[in-house]
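The values are calculated or read from the model by the stated rules, or taken from the named source; none is laboratory data. Model, not experiment: these values are computed from the prediction. Here the Cβ is made from the backbone with ideal geometry for all residues, glycine too, and neighbour counts use every protein chain on show. Note: areas computed on protein heavy atoms with side chains; ligands, DNA, RNA excluded. Shrake-Rupley method; radii C 1.70, N 1.55, O 1.52, S 1.80 Å.
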Amino acid sequence: MPKRQVVFGMLGTQLDAGNGPGRWEKWRPTVALGMHEDFQLDRLELLLDQRRFGKLAQQVKDDLAQVSPASEVRLHDNYLVDPWEFEGVYARLHDFLASYPFLPDEEDYYVHITTGTHVTQICWFLLTESRHFPGRLLQTSPPRKQASGDPGSHAVIDLDLSRYDHIAQRFAQQQLQDRDLLKGGIATRNPAFNRMIEQIETVATRSRAPMLLMGPTGAGKSQLAKRVFELKKNKHQLPGRFVEVNCATLRGDGAMSTLFGHTKGAYTGASGDRAGLLRSADKGL
C-alpha cells in the first residue's frame, strides 16, 4: 500500500482569504494543495489562531472538500502572541511537533512553507533540517495568470543533504581544505595527529566557546592557534584581531596595564593612552 501524504501548514490569513464566488478566481495556496493532479493530499494538518481566524479556516476546509473530497483536514488551534517573535514561534512549533503521533512507516510528511510569516517559515525550515519534523518542505507558487481551476506549481525540497551528491561533495571538500589549513600544509598519515586535527576543526568551526591547546614547548601550539584564527576568520566568525600574549612576560605593575590598558598620566611613565591586550582582542582571538 502506498504511504499516505500528510501536509502540515499555517493558515494563510491573507493568501487564503476570499469571499463569494470570486474567491475561486483567486489562487489560494492551502486550497490549491488539493488541486494538483500529481500530488495526492490525504490529510492536511492546518495550524491557525482559532479565535481570530476560525471562520476563514472553516471556509478553507469546506472549499478543500469541494476540490478534493478524499482529503481530510484537521484544524489545530495554534495561538501565537507575536508571529514575528522568533523564540516564541520556534518553541510553539517545536512543542506541537513533539506531541504529534508521527507514523513514518505509514505516512510521508511535508511542511507547506508558502503560508505563514517569514519567521514561521524559518522555524519550519530549522525544525525540518534538524529532523524534529521527519519530512520534507513543500513550496507552492501561483500560476502566471490566476484563473479558476489552476493550482499553480509545487516543488518538494528534501533537506537531507546526503541525497545530494554534489552538495555533499562540496561540504566534504571544504572540510578537507579546512583541515589542511590547520595542518599548515604538512601532509601526514599519523592517525593520532589526524584525529586531533579533525577534532579541532569540528570545534573551531561549530563552536564559539574558548579553546585550550595544551602540549610541550615547541609542539606548535602558537602556530596552530594562528591557523585556528585564520579558519574562523575565513568563515566570518571573528571580525577582530589575533592577539598573542606571552604570560611569562606579565610581571609586576606593568601586567595590569598590559592587559587592561591605561590612560595618559595614570602612573609615572604613562605618556599616552593604551588600549590593552584584552581590548585589542575584542571580537577576535
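Pairs of Cα atoms nearer than 8 Å and 6+ residues apart set the relative contact order; for the chain it is 14 percent. The mean sequence distance of close C-alpha pairs (under 8 Å, at least 6 residues apart), as a share of the length of segment 37-124, puts its relative contact order at 28 percent. For segment 64-153, the Kirkwood hydrodynamic radius from C-alpha pairs, put into Stokes-Einstein at 25 °C and a viscosity of 0.890 mPa s, yields a diffusion coefficient of 163 µm² per second.
Spatially, segment 174-231 and segment 12-68 are offset by 54 Å when compared through their Cα centroids.
Gaussian network model of the chain, Cα springs within a sub-10 Å range: biggest mean-square fluctuation belongs to which of Leu213, Leu138, Leu33? Maximum fluctuation in the GNM of the chain, among the listed residues, is at Leu213. Within the same chain, aspartates and glutamates fewer than 8 places from Lys221 are excluded, and of the rest, those with a Cα less than 19 Å from its Cα are Asp178, Asp180, Glu198, Glu201, Glu230, Glu244.
Looking at the chain, the DSSP beta bridges with both ends there are about 25 percent antiparallel. The overall shape of segment 200-285 is oblate: from the C-alpha gyration tensor, with semi-axes ordered a ≥ b ≥ c, the ratio a/c is 1.5 or greater and a/b is no larger than b/c. Looking at this model, which pairs from Lys3/Lys61; Lys183/Lys283; Lys26/Lys55; Lys183/Lys235 are more than 21 angstrom apart at the alpha-carbon? Going by Cα-Cα distance, Lys3/Lys61; Lys183/Lys283 fall outside the 21 Å limit. In degrees, nearest 10, range 0 to 90: what is the angle between the Cα axis of helix 50-67 and the longest Cα principal axis of the chain? Between the helix axis and the principal axis of the chain, the angle is about 60 degrees. Among the trypsin sites (Lys or Arg not before Pro) in segment 132-219, those placed in a DSSP loop whose Cβ has at most 10 other Cβ atoms within 10 Å are Arg144, Lys145, Arg189, Arg208. Taking Rg/Rh (Cα atoms, Kirkwood Rh) as calculated from this structure, the corresponding entry among [x] 1.18; [y] 0.98; [z] 1.73 is [x]. Indicate the gyration tensor shape class of segment 12-81 (rounded, prolate or oblate), computed on the Cα atoms with a ≥ b ≥ c the square roots of the eigenvalues: a/c under 1.5 is rounded; otherwise a/b larger than b/c is prolate and the rest oblate. Oblate, because a/c is 1.5 or more while a/b does not exceed b/c.
Relative to the longest principal axis of the Cα atoms of the chain, the long axis of helix 165-183 lies at roughly 10 degrees. Taking amide hydrogens as placed 1.01 Å from N in the peptide plane, the amide H of Gly284 sits under 5 Å from those of Gly240, Arg241, each at least 5 positions away in sequence or on another chain.
Largest accessible area first, the listed residues Glu244, Glu87, Glu230 line up as Glu87, Glu244, Glu230 when surface is computed with a 1.4 Å probe on the assembled protein chains.
Enter the angle in degrees (range 0 to 90, nearest 10) between the Cα long axis of helix 191-206 and the first principal axis of the Cα atoms of the chain, meaning the one along which they spread out most. Helix 191-206 sits at roughly 60 degrees to that axis. Here Lys145 is the anchor, and the aspartates and glutamates within straight C-alpha reach of less than 13 Å, apart from those fewer than 8 places off in the same chain, are Glu25.
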